[in-house]
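> Please find one structure pasted underneath; my questions will follow.
The values are calculated or read from the model by the stated rules, or taken from the named source; none is laboratory data. Predicted, not measured: the structure shown is a model, and the values here were computed from it. All Cβ positions, even for glycine, are placed from backbone atoms using ideal geometry, and neighbour counts span all protein chains on display.
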Amino acid sequence: MDAALDAALRVFSERGYHATSISELAEAMGLASGSIYKAFKDKRGVFIAAFARYRQLGRRRLEAMIASAETGREKLFQMVMYYTELSHGEAGRKGCLVVGGANDFALLDDETAAHVATAFAADEKLMADLIRIGQADHTIPKTVDPDAAALAFLCFTKGLRVIGKTGRSRQEMVAAAEAAMKLMT
């Protein structure tokens with residue numbers, strides 16, 4: 001089932017929820033349309049399952065990058081770089097299921113929008129926690145408001161994912177990430 005959900009999340013990321021048809025999902029997932037309806041009820045059910053898978057896989061990779069850093073500042077930079085690396089080249093053009101979900105569901109589907117809001121809140125909380133770690137280890141100044149800075153970084157990282165759809169280079173995106181980190185001085 002994981003392989004089928006991975007295929008579905010690729011289709012949703014590239015095309016968006018509304019532009020994706022059940023027949024496209026069936027082809028990508030290697031399932032008959034009837035099997036999709038039986039397993040997930042409808043396209044929305046496929047999206048919610050793929051969204052959960054996307055978050056699970058992404059969180060694992062993100063946590064591994066953060067764990068490789070020693071200081072709070074380095075951990076925050078690794079988080080920013082995680083999104084930076086997803087925001088250029090082919091990965092950037094494919095887009096982000098969370099950001100796409102925010103665009104697709106903000107006004108139309110409260111339950112699915114809540115899944116997106118939860119994903120954003122988890123990233124924002126993690127960023128605030130990393131900033132506090134940096135303040136405790138003296139790599140981020142105490143004058144930085146962790147909650148306000150975390151929101152700024154949330155906006156920045158999700159903005160990276162949007163701009164990444166336009167084909168920006170890695171060099172441009174890394175320069176933007178390095179500039180954003182200057183907020184922590």
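> State the number of residues belonging to region 157-180 that are closer than 18 Å to G72 by Cα and surrounded by 18 or more Cβ atoms within 10 Å (Cβ to Cβ).
Initially, region 157-180 is screened for residues closer than 18 Å to G72 by Cα, giving 157, 177-180.
Those left that are additionally surrounded by 18 or more Cβ atoms within 10 Å (Cβ to Cβ): 157, 177, 180.
Matching residues across region 157-180 total 3.
> Now for a different question. So is Y17 of a type in the set (F, W, Y) and touching a Lys or Arg at 6+ places or on another chain (Cβ under 9 Å) or not? Lay out the reasoning, then the answer.
Working: of a type in the set (F, W, Y): yes; touching a Lys or Arg at 6+ places or on another chain (Cβ under 9 Å): yes.
For Y17, the condition - of a type in the set (F, W, Y) and touching a Lys or Arg at 6+ places or on another chain (Cβ under 9 Å) - is met.
> Oh, and also: From the list A122, A136, exactly one residue is surrounded by fewer than 16 Cβ atoms within 10 Å (Cβ to Cβ), closer than 18 Å to F51 by Cβ and modelled with pLDDT of 95 or more. Which is it? I'd like the intermediate steps shown before the answer.
On the way: A136 fails: closer than 18 Å to F51 by Cβ.
Of the residues listed, the single one that is surrounded by fewer than 16 Cβ atoms within 10 Å (Cβ to Cβ), closer than 18 Å to F51 by Cβ and modelled with pLDDT of 95 or more is A122.
> I've got another one for you. Out of curiosity, is Y83 out of contact with any strand residue (DSSP E or B) (no Cβ under 6 Å at 6 or more places or on another chain) and either more than 27 Å from F156 (Cα to Cα) or outside any helix (DSSP H, G or I) (or both)? Walk me through how you get there before you give the answer.
Details: out of contact with any strand residue (DSSP E or B) (no Cβ under 6 Å at 6 or more places or on another chain): yes; either more than 27 Å from F156 (Cα to Cα) or outside any helix (DSSP H, G or I) (or both): no.
When the stated conditions are applied, Y83 does not pass them.
> What are the residues in region 7-59 that are among the acidic types (D, E), free of Cβ contacts under 8 Å to residues at least 60 places away in the same chain and in contact with a helix residue (DSSP H, G or I) (Cβ under 7 Å, 6 or more places away or on another chain), if any? So that I can check it myself, show each step before the final result.
Step one: of region 7-59, the residues among the acidic types (D, E) are 14, 24, 27, 42.
From the residues that got through so far, the ones that are free of Cβ contacts under 8 Å to residues at least 60 places away in the same chain too are 24, 27, 42.
Hit for region 7-59 is E24, nothing else.
> Just checking, does region 25-37 include any residue being of a type in the set (D, E, K, R) and modelled with pLDDT of 95 or more? Spell out the reasoning first.
Step one: filter region 25-37 for residues of a type in the set (D, E, K, R), giving 27.
Adding the requirement that they be modelled with pLDDT of 95 or more leaves 27.
Taking every residue of region 25-37 in turn, at least one turns out to be of a type in the set (D, E, K, R) and modelled with pLDDT of 95 or more.
> Would region 71-86 turn up any residue that is touching a Gly at 6+ places or on another chain (Cβ under 9 Å), surrounded by fewer than 18 Cβ atoms within 10 Å (Cβ to Cβ) and farther than 29 Å from L183 by Cα?
No, region 71-86 contains no residue that is touching a Gly at 6+ places or on another chain (Cβ under 9 Å), surrounded by fewer than 18 Cβ atoms within 10 Å (Cβ to Cβ) and farther than 29 Å from L183 by Cα.
> Can you find a residue in region 74-82 that is at pLDDT 95 or above and more than 18 Å from the chain's Cα centre (by Cα)?
Kept after step one, since they are at pLDDT 95 or above, are these residues of region 74-82: 74-82.
Now restrict to residues that are more than 18 Å from the chain's Cα centre (by Cα): 74.
Taking every residue of region 74-82 in turn, at least one turns out to be at pLDDT 95 or above and more than 18 Å from the chain's Cα centre (by Cα).
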